[in-house]
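The block underneath contains the structure these notes are about, expressed in structure tokens.
The values are calculated or read from the model by the stated rules, or taken from the named source; none is laboratory data. A quick note: this is a predicted structure, and the numbers were derived from the prediction, not measured. Reconstructed Cβ throughout: ideal geometry from the backbone, glycine too, with neighbour counts over all protein chains shown.
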Amino acid sequence: MKFHLPLCLVLASLTTLTTMTVRADDDAKAPKKEKKAEAKKSKATKLNHVVAFKFKDGTSKEDIKKVEDAFRALKTKIPQVQKLTWGLNNSPEGFNKGFTHAWIVTFNSEEDRNAYLVHPDHKEFGKLIGPFVADVFVFDFWGKD
């Protein structure tokens, strides 16, 4: 009987140690699974192409309206554009550096964005705005929720 008690204690210790090792291995794998899920999520987001304009001094309201209308029309002319949002600066902070108009053009992929950039209607739009725009700011990013 004395022989069986130490043997039982040894077996119980080994079982506990093995269980702890398996759980530790599972815990070590968990961050990798989370990283893979994060990578899949980031691939599922949209590519945002932000464009901001600073108009030249003296540009008429009519000419600014022409630019607004022409930019909005790109959504209907270029199939790669998934969404187009735009608006006027209304920040009270005063850091807009003269930029008054901003657009966010949304794409499914970099390939779609690249097709948009060389699309004839986008090129034509670039020619249209030349006489009116003093500066352009462009920033592309993958959106994350």
Worksheet, complete the sentence: A careful count of residues in segment 74-106 that are without any contact (Cβ under 8 Å) to a residue 40 or more places away in the chain and more than 21 Å from Ala134 (Cα to Cα) gives 11
Worksheet item: Based on what the data block shows, is Gly98 surrounded by 11 or more Cβ atoms within 10 Å (Cβ to Cβ) and at pLDDT below 95?
Response: no
Worksheet, complete the sentence: Subset of segment 93-124, residues more than 21 Å from the chain's Cα centre (by Cα), of a type outside the set (Gly, Ala, Ser) and not in a helix (DSSP H, G or I), comes to Glu93, Phe95, Asn96, Lys97, Phe99, Thr100, His119
Worksheet, complete the sentence: If you go through Val133, Val105, Val118, the only one that is hydrophobic (A, V, I, L, M, F, W, C), more than 21 Å from Lys56 (Cα to Cα) and buried (at least 16 other Cβ atoms within 10 Å of the Cβ) is Val105
